[in-house]
Each structure stands twice: as C-alpha cells, then as structure tokens.
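Q: Let me give you the structure first, and then I'll get to my questions.
The values are calculated or read from the model by the stated rules, or taken from the named source; none is laboratory data. Just so it is clear, the structure is predicted and the values come from calculations on it, not from any experiment. Cβ coordinates were reconstructed from backbone atoms using ideal geometry, including for glycine residues, and neighbour counts include every protein chain displayed.
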Amino acid sequence: MNIQSILLILAIVIAIRMISQPAGRIWPLTIASVIFVFLLQPALPIRFMDFWLPCLTLLLVAANWLMITPRENRSARKTYLTLLIIALVVISLAATRLITINGWIVPNRPPLLWKVGVFLAVAAIIITLVWRFLPKSKAMSWISITFLILIFIAIKTPALAEIMSIGARHLVSQSTTLADPFDWRWLGFSYIAFRIIHTLRDQFAGRFPQVALNEYICYVLFPASLSAGPIDRIERFVVDLRQPLKIFDQPEQYTDGFYRIILGLFKKFALADTLGLIALNTQHAEHTTSTLWLWVILYAYALQIYFDFSGYTDIAIGLGKILGINLPENFNHPYRRTNLTLFWNDWHITLTQWFRSYFYNPVTRSLRRSRIRNQKALIIFMMQLSTMVLIGLWHGVTTGFLAWGVWHGLGTFIQNRYSEKVAPLWQKTEGNVWLQRIWRGANWFLTFNYIALGWVWFVMPDVQSGLQVIIRLFGGAGI
C-alpha cells in the first residue's frame, strides 16, 4: 500500500465510524471491503487481469462461506442481499470504464460491461450449485483447502506463474514474449488463503462460530489487514465486529488508533524507505566490494524489513482500533531476543501461530503416536525444519526462500539442543549479575547475526548468489 491508499482507508474508516450505530457498521464495512479488493490490487500488464483477480477473490470467499455454513444456519434473505450488494459494486466499478476516472478506483480500465455480466452470471451459477448440491463435509473442506494451496503454488512458483502468464496473454492477444511471473500479483492472496483455510479447518474441528456472509467478507477482506496482515482469528474478530459502536464511545480507540497509524507511517515511509536506499539487494550486493560495507547493507536490510513490515502492522492495527476492531499484534521487539525460538515467538507472530496451530502441533501429535514416538530429537528436528521450510515457501516457491527456511529450521533445532545442554551452566550463574549479562549479550549477538545472515537467502534470487554474498561477508572472494 502507498500512503494515498492508507489515507483513503483512514478516511473511509472514520466515515464508517461516524455513521455507525449499534450493529450498524457491518454493512458499510462489507461494501468498503469489496471496493478495496479492487482499489488495492496492483496494476498488471495483462489486459483486465487486475479486475478479474479481485472478482475471483470475491467468488472464492462466497463459495467457501457456503462450504463452512450449514444450510439451516444460512439466512437466505441476508445472504441474497449480500450477494446483490457484491454484484452491484462490481458492476459499478466496471461502469467506470465509461467515464474518465481510470486508475482512481481500479488500477486500469475495466473490461466491457457485457463481459462482467457474463462473469457474474457464471458466478451466480457456481454459487447456486454450491448452495444447493455441494454437501458440507470434511472431504469437501479438504478439497477446498487443496484447491487454495494449488492456486498458491501456481502463483508463487515463478516457472508456473510465467506459464500462466503466457496462457493469459495468448487469450487476450498480447505478446507472450513479455510474459513474467510478476504478471500474477494477486492482492493479498497469501493472507486471504490462510484466513479461509483457518475457517475451513476450524469448521470441521467444531470450533467455527456461525457467521453471516457479510461478516465473513469483513473478516477475510478487512481492508486494513488485507495486503500485509496480521492474520486474525474469526472467532475473535466477529466479537469485536458485533459490539455496539457509537461515534464518541471509547475515545481511547481514536487516540490509540491515530498513535499507531502515525508510528507506522514513520516506520514505513521515514525509516524503512530511507534504509532501502542502502539496504541489501541484488544490485547493491553486486556493486559492493568492501566487506565492511557489505555488512552495513546487510544490517540495513535487517532493519528495513522490520520497520517496513512492523510499520504496516502498526497502520493496520491503528485503522482497526478506530473502527473498534482490535487486530492482534504481529511484532514484539523481535531483534531484542536472545535465541531463535524467542525471535520467532515475536516476529510475524500471527503467521508463526498459524503454522503452530495448523501444522506443527497436529503433525507433532501424530508423530508422537507413530513408530518414532520415542525419538524426541528426531521429531523436533523434522518438525522445526519442515515448519520453517513451509514458512519460507509461503513467501515464494523459490530456491532462495527454501534456503532461508532450511537456515532457520536448522538454526532453531541447533539452538533447541544447545539450550538443553547449557541449561545447567546457566543455573550456576544465578547470583552473578555481570556473568548473566555477558551470557545474554553473547546469545543476543549470535542470534541477531544469524538472523541477519539468513536475510541473504531471503533477498538473493537463488542459492548460488546467496552463498556468494555470505562468503564475501567473511572475507572470501565468492564463487
């Protein structure tokens, strides 16, 4: 998001707060959520793709709500009204092609109205079929989860994304020689998919609260957290959403909200963007010959990514507070931590908790009932490595992100074993304040630099170039 989009969301949030009465903010927030799916979508070079992707997002959200909601809990009147509002918003946005405001609401000129009408007709058929004939079952939930994961893999794998770009360009008679993986920048899909998977998993585990379609849209597509998180839980979100809200209730929501927004803007646009001028990237790595300056640009990137990401989180939390939605914290001074486990408890907290809840814990429980249940160290190694690899691949299915995941998986396992071995030594330092400070300082130094070195794999496009940078950081000449 750029600063203009943030300020526009803030204006909409304030407007919704001003017109809201008890139980009256859900409908305006539903409309705003649908609009911002289009407004925040990046412009794409493939003709009309930046309009169709938000349309597909809305279809996925509606279809998955039907999968997790029993027929007897669907209010037909409210559901039809929500679907009608979605259709009217989509048609209204498509109609902007008839006036000269292209780029104001949608990034490029929308497709022809009759094509949008055909899409809505097909979407209506799909929704009707899901509503009437698709059984609500654990198997269907797994099919839906698998479908979302396949989409995720397709758009996050550069080779597959380029193939899809070639196919899409061919369909709209554009040059296929210009195909690029970045042609498939689908706004917030990583976060949207994880929110939907969370609801699908919790539904067949019996933990999913009954929510209306408009409430589900507000949760999955909440504008403040749509593109960069945090990943909230629906059972917590709807409690806030359903609370009565008046203009002048709880003034601390305004003060806390504006404070977090200002803090986030400062982190993102003053600190992160300034650090970005010198931070590690492929170009800077190629042209930096001094080992000292290579460490400087690496540290600059470590700080840049923290201020950038935590800044966006502060802005999202602040916008939510003004609207009476208390989004979860996502960062808690992670670079102060003295080991990798503590770091990952405080860095991108909601993502870590998501993987812990839906992958690490259930698979670990399964392994503890398997033939290797007595191999504690092996189970810990397997789970920490696989979890961190998946978190790496969540950012993109590339060798660089794979290496970053392996780096943190191995590091977390080694730290886990190291902590158990040195625990008796740590206990012997009780009462010696200076020795404990030196111990903590050494652990912090090792942890921070291990994390910083890991960012090399995150930045560089492949393993070989990342390895070259790491060798040069330690005085080598590269490969």
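Q: Are any of the residues in the stretch 144-165 outside any helix (DSSP H, G or I) and either without any contact (Cβ under 8 Å) to a residue 60 or more places away in the chain or over 19 Å from Ile217 (Cβ atoms) (or both)?
A: Initial filter on the stretch 144-165 (outside any helix (DSSP H, G or I)): 157.
Now restrict to residues that are either without any contact (Cβ under 8 Å) to a residue 60 or more places away in the chain or over 19 Å from Ile217 (Cβ atoms) (or both): 157.
Yes, the conditions are met somewhere in the stretch 144-165.
Q: In this structure, does Leu221 turn out to be more than 16 Å from the chain's Cα centre (by Cα), within 24 Å of Ile317 (Cα to Cα), crowded, with 22+ Cβ neighbours inside 10 Å and outside the structural domain of Thr313 (by TED's automatic domain parsing)?
A: Here the answer is no, as Leu221 does not meet what is asked.
Q: Which of the numbered conditions does Thr288 fail, given that it passes all the others? Conditions: (1) without any contact (Cβ under 8 Å) to a residue 24 or more places away in the chain; (2) surrounded by fewer than 19 Cβ atoms within 10 Å (Cβ to Cβ).
A: The failed condition is (2).
Q: Could you check the stretch 1-97 for helices (runs of 4 or more DSSP H) lying wholly inside it with 2 or more residues that are aromatic (Phe, Trp, Tyr) and either under 21 Å from the mean Cα position of the chain (by Cα) or modelled with pLDDT under 95 (or both)?
A: Output list reads 26-39, 49-68.
Q: Here's another thing I want to ask about it. Could we say that Leu134 is in contact with a Leu (Cβ under 9 Å, 6 or more places away or on another chain), surrounded by 12 or more Cβ atoms within 10 Å (Cβ to Cβ), closer than 19 Å to Val34 by Cβ and modelled with pLDDT under 95 here?
A: Details: in contact with a Leu (Cβ under 9 Å, 6 or more places away or on another chain): yes; surrounded by 12 or more Cβ atoms within 10 Å (Cβ to Cβ): yes; closer than 19 Å to Val34 by Cβ: no; modelled with pLDDT under 95: yes.
When the stated conditions are applied, Leu134 does not pass them.
Q: Please go through (1) within 22 Å of Asn345 (Cα to Cα); (2) outside any helix (DSSP H, G or I) for Trp407 and return the number of the only condition it doesn't satisfy.
A: (2)
Q: Further question on the same structure: Going by the structure shown, is Ala168 surrounded by 17 or more Cβ atoms within 10 Å (Cβ to Cβ), at negative phi and assigned to a helix (DSSP H, G or I)?
A: For Ala168, the condition - surrounded by 17 or more Cβ atoms within 10 Å (Cβ to Cβ), at negative phi and assigned to a helix (DSSP H, G or I) - is met.
Q: Being of a type in the set (A, V, I, L, M, F, W, C), touching a helix residue (DSSP H, G or I) at 6+ places or on another chain (Cβ under 6 Å) and within 19 Å of Tyr191 (Cβ to Cβ) is the requirement here; does Trp347 meet it?
A: Considered against the rule, which asks whether it is of a type in the set (A, V, I, L, M, F, W, C), touching a helix residue (DSSP H, G or I) at 6+ places or on another chain (Cβ under 6 Å) and within 19 Å of Tyr191 (Cβ to Cβ), Trp347 comes out as yes.
Q: With Ile379, Ile414 as the choices, which residue is within 13 Å of Tyr450 (Cα to Cα) and not in a loop (DSSP other than H, G, I, E, B)? Steps first, answer last, please.
A: Numbers: Ile379 fails: within 13 Å of Tyr450 (Cα to Cα).
Of Ile379, Ile414, the one residue that is within 13 Å of Tyr450 (Cα to Cα) and not in a loop (DSSP other than H, G, I, E, B) is Ile414.
Q: Which of the residues spanning the stretch 201-225 are at pLDDT below 90 and either small (Gly, Ala, Ser) or touching a Phe, Trp or Tyr at 6+ places or on another chain (Cβ under 9 Å) (or both)?
A: Answer for the stretch 201-225, where residues must be at pLDDT below 90 and either small (Gly, Ala, Ser) or touching a Phe, Trp or Tyr at 6+ places or on another chain (Cβ under 9 Å) (or both): Arg201, Asp202, Phe204, Ala205, Gly206.
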